[in-house]
Amino acid sequence: MSLIAIRAEQLSKQYFIGSKDNPAYGRLSEAVVGLPKKLIQSTQRWLLPRGHAAVARATSNHKATQFWALKDIDFEVRQGDVVGIVGRNGAGKSTLLKILSRITEPTSGRFGITGRVASLLEVGTGFHPELTGRENIYVSGVILGMTRTEIKKRFDRIVEFSGVEKFLDTPVKRYSSGMQVRLGFAVAAHLESEILIIDEVLAVGDAQFQKKCLGQLSTVAESGRTVVFVSHNLTAVNALCDSALWIEAGRLVATGPTAEITSQYLSRSTEQLLEQSWPDPTAAPGTAAVKLKRIAVHSSSTDGRHFVLGSALRLEIEFWTMTAGLTLNPSIVLQTADGTPVLNTVPQFEGTLLDKPLETGLYQCTCEIPAGLLNDTLYRVQLYMIRNQSVAEWRLDDLLCFEISDDQPRSAWFGKWIGTVRPNLQWQTVRLGQLPQSTSADGTHAQ
Amino acid sequence: MRDELTYFGARNDWQLIDLRELWKFRELIWAFGFRDLKVRYRQAVVGIAWAVIQPVMTIIVFGVLFSVMHGKPTSGEVPYAVTGLCGLVPWQFFAAAVSQATLSIASNSDLLKKVYFPRVVLPLSAFVPALVDFAVALVLLVVVMAYFAVLPSWQIVFLPLLIVATLACAAAFALWLSALNGIYRDVQFALPFLLQLGMMICPVVYETDAVIPPAWQPIYYLNPLAGLIQCYRAVLIGSPFPSAASLAISSFAVTAVFFGGMLYFRRMERHFADLS
């Protein structure tokens, strides 16, 4: 019999979207302007934030768009289990992690946990650029839930894991971004808690460090701690997790052993997703500065939807820039079904609009993927919006999903071609000459 | 079902701050306070000396102003520099603590979205740098009193009690203002003006009895800081204590603001992460 570490009962979280009810932050002036009308109703509301359930209930004329980020989620996690959460972008995975780590409250339902919970939703939580590496280890460690004595005990191991010994007394602002990530993960990897909640932190750092982190994670799992883990990398989920939860549109679709769930998830998500668009900028994904309007993939075939090896593809990206003066460019990453990156492509800058800061407005970028580059497999499209050609403003995963079929076998081999790409490379074949004199025509050596 | 799980769900009732949980997170107050202290004077040349320069300059400005206008801000038994500093030192602590605390929720909004801790830790830890400055300013006060050969009365033993009362007072306002600013950022823009106004309606650069007519004093003492600052003068330089009635009014006001702040902060803290 194993004990329960986490139990969720009917967990639900509601958000309010739309221009009026989703301000970046509340404005007192709005509350004051509406005051004469509201005073009649209740003085309490004046002090409650916009978007608060009580406000919405009382001001029924307020057109609030309610949106359930999570709805009636029930599950149990046994102690010592490593659980992966899979699902598309915006399915509610991050909201679930935030509720379980008590960053935000559920709108209804409840969850039970036992023991200390450490949540690792970013690398370097609480780091301050002005503090030295040594100071940041202490500050960040305490913020993440360690005591000072615990940190002191593990200090040497943290430093060794991070590999920044030489720069311990240098302010972190002088670190390279790689060093900051390594130090941040090193602190987090040495947290001592019964439950560890991790959000895609492995998506950062160089390959070698990623390997080290994955190794550390499996050590954590073997030590009998309960881990809840969100990742787009299904290979990592398969390798690390005992069981998985699959969430789609805020609802729990399935839960069970990892291999079963990931294969179900994969076969479900092979449904092609060739276009997504958001006609209303307030509801569109992105940041306040730049939002995605539409992304689509077309094929050069007659109906535009027939994806075969012999057809070229065209990716179209439309985005709004809401803040003037930003230098922006989209950056596309193609991934295979299990999350392995295939390629990364960005537009040309020189002599194009993207070379200079953009005015506000709606922009379109198109990208041609020539025929004879991709293999006959499923591709997932990830989009980054890059600022100043260096910093990611945002990233959206699994925006599109298309599968290329092999329609015209060009050899006697009908099986699967190895590789994530199958480019048509130029080959030359010439006959270089005759056999050496000593070799006979029938292939045996004459003596 | 019997298990060892602790359950968390939507809180819809009004609660006070959970002091037991806050105690568990006491090291976090240290961590944030340490961080703010370290960062604050990183690129300043004279650093902690600002804690001395500010009150000294303020007293010089007001001293010159009052003498030019031939005003009588104090009873005049003790040099103005000493009387003024007795009010200014606790006031500047209060003002610094409250204004830092007010910004604390908003300026740590990234952190609020990434990790759980009782949110009240943030305004409280914002007091740490202000307390350090306060300690330095108290040393300055001792030096100035020694220079003018002003001896405190035996009532100086009540000073620690006054400091605790000042902390409670600052906490009462910090709870309200940080929670409000977590939701309405307007508060941080209004605050410098409100603090300036506060300095005028508290006996900071003047003595109550020398300036405020007795008829107005009951209303005047509704301001919790008015009684408190007058008490600092009483124990430090032997000015008269405010009347028992005034003190009762002040204590009542500060208690009401304090418990109201605890309730309001606790009510609002769950929205900080969603709204910022």
How many partner chain Cβ atoms sit within 10 Å of a residue's Cβ in peptide A:112-121, on average, as a whole number?
3
Neighbouring Cβ atoms within 10 Å as the yardstick, rank B:Glu27, A:Glu76 fewest first.
A:Glu76, B:Glu27
Between B:Thr6 and B:Ser67, what is 0.36 nm times their sequence separation minus the Cα-Cα distance? Round to one decimal in nm.
15.4 nm
Ranking of B:Glu207, A:Glu403 by count of other Cβ atoms within 10 Å, fewest first:
A:Glu403, B:Glu207
Take each uninterrupted DSSP H stretch in chain B, measure its Cα extent along the helix axis, and return the ones at 18 Å or beyond whose mean Kyte-Doolittle hydropathy is at least 0.0.
B:50-68, B:80-107, B:127-147, B:159-183, B:186-200, B:224-237, B:244-275
State, to one decimal in nm, how far the label point of A:Phe155 lies from the label point of B:Trp216, with both points 7 Å from Cα in the Cβ direction.
5.7 nm
Suppose each label sits 7 Å from its Cα in the direction of the beta carbon; what would the B:Tyr147-A:Glu222 distance come out to in nanometres?
6.8 nm
Using a cut-off of 17 Å between alpha-carbon atoms, which aspartates and glutamates can reach A:Lys173, once sequence neighbours fewer than 8 places away in the same chain are excluded?
A:Glu130, A:Glu135, A:Glu165, B:Asp36
What is the mean number of Cβ atoms from other protein chains located within 10 Å of the Cβ atom of each residue in peptide A:162-171, rounded to a whole number?
0
Within chain B, which is the longest segment that contains none of the trypsin sites (Lys or Arg not before Pro) sitting in a DSSP loop with at most 15 other Cβ atoms within 10 Å?
B:43-276
Can you tell me, using C-alpha contacts under 8 Å and at least 6 residues apart, the relative contact order of chain B as a whole percent?
30 percent
Give me P(r) over the protein assembly as shown, computed from all C-alpha to C-alpha distances, binned every 10 Å, as integer percentages.
2, 12, 18, 21, 18, 12, 8, 4, 2, 1, 1, 0, 0, 0
Residue exposure sequence - B:Ser153, A:Ser119 - by fewest surrounding Cβ within 10 Å
B:Ser153, A:Ser119
Once Rh for the range A:291-431 is found with the Kirkwood sum over Cα pairs, what is the Stokes-Einstein diffusion coefficient at 20 °C and 1.002 mPa s, in µm²/s?
129 µm²/s
Taking 0.36 nm per intervening residue step and subtracting the Cα-Cα distance, what contour gain separates A:Met322 from A:Gln364 on full extension?
13.7 nm
Between B:Tyr41 and A:Val430, the FRET efficiency computed from the C-beta separation at R0 = 51 Å comes out, to the nearest 0.05, as 0.10
Tell me, what are the semi-axes, in whole angstrom and largest first, of the equivalent ellipsoid of the range B:155-276 as set by the roots of 5 times the Cα gyration tensor eigenvalues?
30, 16, 12
Just to verify a number: FRET efficiency for A:Arg251 and A:Ala392, C-beta to C-beta distance, R0 = 41 Å, to 0.05?
0.90
Can you give the mean number of other chain Cβ atoms that lie within 10 Å of the Cβ atoms in peptide B:110-122?
5
Mind giving me the FRET efficiency for B:Phe259 and A:Trp417? R0 is 60 Å, r the Cβ-Cβ distance, nearest 0.05 is fine.
0.25
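Where a number appears in this text, it was derived from the coordinates with a stated rule and is not lab data. Note that the coordinates shown come from a computational prediction; the quantities given were computed from them, not determined experimentally. All Cβ positions, glycine included, derive from the backbone under ideal geometry; neighbour counts span all protein chains shown.
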